[in-house]
Amino acid sequence: MSLKKAIKKEFKKMESRGWDKIFWMVDFHDTIMPGSYTKDDGDVDFYPHATDVLKTLTDRKDICLILWTSSYEDYLEKHITRMKDMGIKFEYFNENPQCESDDLCDFSGKFYFNVVLEDKAGFDGTEDWKMIKKLLKKYPDKTP
């Protein structure tokens, strides 16, 4: 399934099930910005449209952003601060405490999410941010 179809499916699911939000899990390197594979990647720019989309997602009440990465949080601190200065805020870092395990699902080893943006899952930071930017216009936030 394409990313576009997956996102559409989750918005439709949210509406049909009466959910107030969906969870977007976003990787950092090679998704928000190209990975430098060094400890000093401070001069690397974010992918085009990434900051616009992440700001839009941050501002929506029907979306919860989760930063999902194998990088250490203190290593990413400068980037997280830079994004906060742009109005981008991730609710969680490598977790989703809003969805707890129950008699049907065990989230102790894999937390719950609806949409995943991850280069290893086929996300292309040079193209997909633009597609998401256009797609979000078709699915406005309906929460009060």
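The values are calculated or read from the model by the stated rules, or taken from the named source; none is laboratory data. The model shown is predicted, which means the values in this text are computed figures rather than measured ones. Methodologically, a virtual Cβ is constructed for each residue, glycine included, from the backbone with ideal geometry; neighbour enumeration extends over all protein chains shown. Calculation scope for accessible area: heavy atoms of the full protein, side chains included, ligands and nucleic acids excluded. Shrake-Rupley method; radii C 1.70, N 1.55, O 1.52, S 1.80 Å.
Listed values, structure above:
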| read-out | value |
| --- | --- |
| Top positive-direction residue, dipole computed over region 1-76 with Cβ charges, set T69, I32, M1 | M1 |
| Region 1-87, relative contact order in percent, only Cα pairs under 8 angstrom and at least six apart counted | 32 percent |
| Segment K78-M131, length gained on full extension (0.36 nm per residue, minus Cα span) | 16.4 nm |
| Dipole of region 94-134, positive direction: furthest Cα of V116, I132, C105, with charges on the beta-carbon | I132 |
| The chain: most fluctuating residue of D20, D62, D45 per GNM, C-alpha cutoff 10 Å | D45 |
| Sites E100 and T143, calculated FRET efficiency, Cβ-Cβ separation with R0 30 Å, nearest 0.05 | 0.85 |
| Sites matching trypsin sites (Lys or Arg not before Pro) across region 51-117 that sit in DSSP coil, with at most 10 neighbouring C-beta atoms within 10 Å | K110 |
| Percent carbon-and-sulfur accessible area, the chain, ignoring ligands, DNA and RNA, probe 1.4 Å | 50 percent |
| Chymotrypsin sites (Phe, Trp or Tyr not before Pro) lying in DSSP loop within region 1-110, provided at most 10 other Cβ fall within 10 Å | Y37, Y72 |
| Rg in Å to one decimal, and Dmax rounded to a whole Å, for region 15-138 via C-alpha atoms | 14.8, 47 |
| Unit charges on C-beta of K, R, D, E only; dipole of the chain, Debye | 1000 debye |
| Partners for K61 among lysines (Cα-Cα distance below 18 Å; same-chain residues under 8 apart left out) | K8, K12, K13, K21, K84, K89, K133, K137, K138, K142 |
